[in-house]
Structure formats: structure tokens, C-alpha cells
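The values are calculated or read from the model by the stated rules, or taken from the named source; none is laboratory data. On a predicted model such as this, the values are computed, not experimentally measured, just so you know. Neighbour counts run over all protein chains shown; Cβ positions are idealised from the backbone, glycine included.
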Amino acid sequence: MPPATCLRCGNRAVIKRPKNHHKLCKECFISVFEDEVHHTITSSKLFFPGERVAIGASGGKDSTVLASVMKTLNERHHYGMDLVLLSVDEGIKGYRDDSLETVKRNAVQYEMPLRIVGYDELYGWTMDQVVETIGKKGNCTYCGVFRRQALDRGAKMLDIRHVITGHNADDVAETVLMNLLRGDLPRLSRSTSIVTGSASSEVKRSKPLKYAYEKEIVLYAHHKKLDYFSTECIYSPEAFRGTARTLIKGLEKVRPSAILDIVRSGEDMARLTPDKNQDACACDEGEGMGGCGSADGRTSGGEFAQMEAKLKATGQIAGFETEVTAKNDSAGDGSVKLPIRGGRGSKERSTAPMQTLGQCIKCGYMSSQEMCQACTLLENLNKNRPEVSI
Ligand SMILES: [Zn+2]
Ligand SMILES: [Zn+2]
């Protein structure tokens, strides 16, 4: 079989894009990937010139790629953004210590200031202590709620109103599917927005890699030789998300565009599900996006670890030589009109037309309840603290 040629420049192709099976050389892949993120950013008007933006950085592949691409695009297209790395130290020994070292190196490599906020300083509990107390089951709920507030609080300490995270198309597709299977359309529609968080938080969230396939993020990190941390979180991810993930992987095998198709279907369903509830946050607190240090390393069966090993050994992903009849979905990503909506709402609350926002009586954090989610969880935890020293 003659070597495959790059669809764009005719050089030798080394990559078959997981997204549409286009064959590309390394340079063209990097450039197409960056152009697509740029398109996502401009078409949804994510930033304004002079905006200070914190990158939620875990040291994992997604947020490292996000930081690298943001630096590149900010310089290339003169976004005029002021970028800062913001890391959360959950207090997970052996996992977070090492990944924070990676973030520290990234700060030097990308010439960005870095702020690290710890669960212990914010809540008086590390995740290791939480797990010691409540066991491994359900700990992602704590981690997710704590994490979201930690990023918000860290951003506020820096006087920054916009946090971007490395959530990718696979993450969004999983969340869409999970909410579809749970019959939770209001939450489904919120999870598809590229910008989340409004009324309940002074800090806006967005995900510039929303249309980027996780596999392409791995490829980008590999070919750009980015310095990232690839060990998985030692605490188990939420089981239902794992199920959704396996389902999506199966679909992707027979239809490479499945991930983006699910994301787009989610966006279309969002348009059909008007969410009047503007008390904001689509982060799928408790069960989704927030857990286990963002999406990094949440894989079933070490698929990405295998992919990375293969890339290191051969520079190619498995199956590159295999001819697959894929439909040519010529990278029509990001061109979708994005419903920008806020809107929190767990099922119980989603019928309420408006919510009054107050402050948590304990910590002063913006909350629609008397006590914010983190404080409610903390109260529970403190009741069960093993050795209480009063
Ligand atoms: Zn090329
Ligand atoms: Zn509180």
C-alpha cells in the first residue's frame, strides 16, 4: 500500500483524524485543530479584548492542550486576552501532587501566572480525608461541588470573571446522553451551552474545546510534545458516566461523527427546551463535569493510556492503515448557532420561574438556598469527622 498523502498539502500523512478520518500530515493536523478552536471562539464570541481569563488547569491533557492552544491563538489572532492558570489542589496524594508539578512547569513554559487553591484551605478537608470518612462511593459528588466553588473562589481572588475549562466534545456528548437517559431535558439543554454560569455565580464558565474530540486532543498533545500528566484519578468516576462513555465509544466505531452528532442533537434539543430558570449553572454539579479533576484521565479500560503508549512507540494511532469508509463530514464543526443560556435547575427547581439569589448563611457564597451546596456537604462531613478536636 503506498503511503497515504495529506489531504491538504500532499505530504506524507501520519494522522487519520478520529473525527472524520481525514488523512493529514502533522503540520496540517495541528493547524486544522487550532483553526477549529479559533472558529469555535469567534463564532460564539467567547472573549473580549483585554479580558482577563483564568484557565482551569489540572495538568492533564485537556487543560494542558487548552492552555497551549489559547496561548497560540491569543498571539496569532491578537485576542488581547490576559491569561492566567488556575489550579485546584483537591488533596489527593500521589495524584494531585504530581499533576500540580506539571502545572507549575506549564506556567513557566507558557509564561502564565499560576494560582493554586487547595480544598484544605477553602474547606478544611482534603479529598483523601473525605474518602477516609465517607468511603469511595459518592466522593465525586463532593469533589465536583468543591471543585466548582474552588475555581470560582480562586478566580475571584484574582479578580477574574471568566474561567475556561478543558471539557471536550466527548465530555459534552456523555453528559447529553446521561441526561437524555435520565429524562432530564432541562439539565441536558444547559449542558450543551458553551458558556455556563450566570446568576448564581459572578464567574462565567466556558469550554473552548467543546467541539474537539478527546482523541484529537491526545494527538495534538503528542505532536506538539506538550508536557502533561496522564495518570488517572485514583478515585473512581461516576458509574453512569462510564456507561454513557462506553456506549458512545461503541457508536463512534461504526460512525466517527457520532460524538459531534450527539453534541449537536443536544444543542437542538436545548432550543426546544426553553429553560426559564436563569439561576444558572450547567455544570451538572454532583454527577458530571466537576468530578475527579475535570475530565482528565476518565477513561474506561485505559483506552487513552494505550493510545498514548502506541503514539510514543510508533507515532501513529492504531488502525491508521485500515481503510474505513467514513462519510466526509468536512470538519463542519463550530458553525452551529449556540444557545447561550444560563439556568440551573435540578428537577425539583426547574419549574420555578425565578429564583431569588441570596448568600449562603455559612460562607457568603452566592446561593439560591439558605446554605450553599458545599456548606451542606461540609456540614454532613463534619458530623462524621473521625477525630473531632473541639
Ligand atoms: Zn499537510
Ligand atoms: Zn456556603
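Taken over region 1-25, residues that are closer than 19 Å to THR314 by Cα and either aromatic (Phe, Trp, Tyr) or near ligand 1 (Cβ under 8 Å from one of its atoms) (or both) amount to 5. Among residues of region 201-217 being assigned to a strand (DSSP E or B) and not hydroxyl-bearing (Ser, Thr, Tyr), the one that is surrounded by the fewest Cβ atoms within 10 Å (Cβ to Cβ) is LYS204.
Can you find a residue in region 35-47 that is within 13 Å of ligand 1 (Cβ to nearest atom), modelled with pLDDT of 95 or more and aliphatic (A, V, I, L, M)? The answer is no, given that none of the residues of region 35-47 is within 13 Å of ligand 1 (Cβ to nearest atom), modelled with pLDDT of 95 or more and aliphatic (A, V, I, L, M). Determine whether region 267-290 contains at least one residue that is aliphatic (A, V, I, L, M), farther than 27 Å from ARG96 by Cα, at pLDDT 50 or above and surrounded by 15 or more Cβ atoms within 10 Å (Cβ to Cβ). The answer is yes, given that some residue of region 267-290 is aliphatic (A, V, I, L, M), farther than 27 Å from ARG96 by Cα, at pLDDT 50 or above and surrounded by 15 or more Cβ atoms within 10 Å (Cβ to Cβ). Suppose we filter TYR142, TYR211, TYR123 for residues that are out of contact with any Pro (no Cβ under 8 Å at 6 or more places or on another chain), touching a residue at least 24 places away in the same chain (Cβ under 8 Å), of a type in the set (Phe, Trp, Tyr) and more than 25 Å from GLY358 (Cα to Cα); which single one remains? Matching residue, one of TYR142, TYR211, TYR123: TYR211.
Can you name every residue in region 42-62 that is out of contact with any strand residue (DSSP E or B) (no Cβ under 6 Å at 6 or more places or on another chain) and either closer than 30 Å to GLY124 by Cα or among the basic types (Lys, Arg) (or both)? Within region 42-62, LYS45, SER58, GLY59, GLY60, LYS61, ASP62 qualify. Applying the condition of being free of Cβ contacts under 8 Å to residues at least 60 places away in the same chain and more than 6 Å from ligand 2 (Cβ to nearest atom) to region 372-381 and asking which residue is nearest to VAL203 (Cα to Cα) yields THR376. Checked against the criterion of being of a type outside the set (D, E, K, R) and modelled with pLDDT of 95 or more, region 184-203 has no qualifying residue. Only residues that are part of a loop (DSSP other than H, G, I, E, B) and either hydroxyl-bearing (Ser, Thr, Tyr) or modelled with pLDDT of 65 or more (or both) were counted in region 339-390, giving 19. Within region 241-266, the set of residues being surrounded by 16 or more Cβ atoms within 10 Å (Cβ to Cβ) and basic (Lys, Arg) comprises ARG241, ARG245, LYS249, ARG264. Applying a threshold of 8 Å to beta carbon distances and a minimum spacing of six or more residues, or different chains, the list of pairs starting in region 5-32 at a residue that is at positive phi and ending at one that is more than 16 Å from ligand 2 (Cβ to nearest atom) reads HIS21/PRO256; HIS21/VAL324; HIS21/ALA326.
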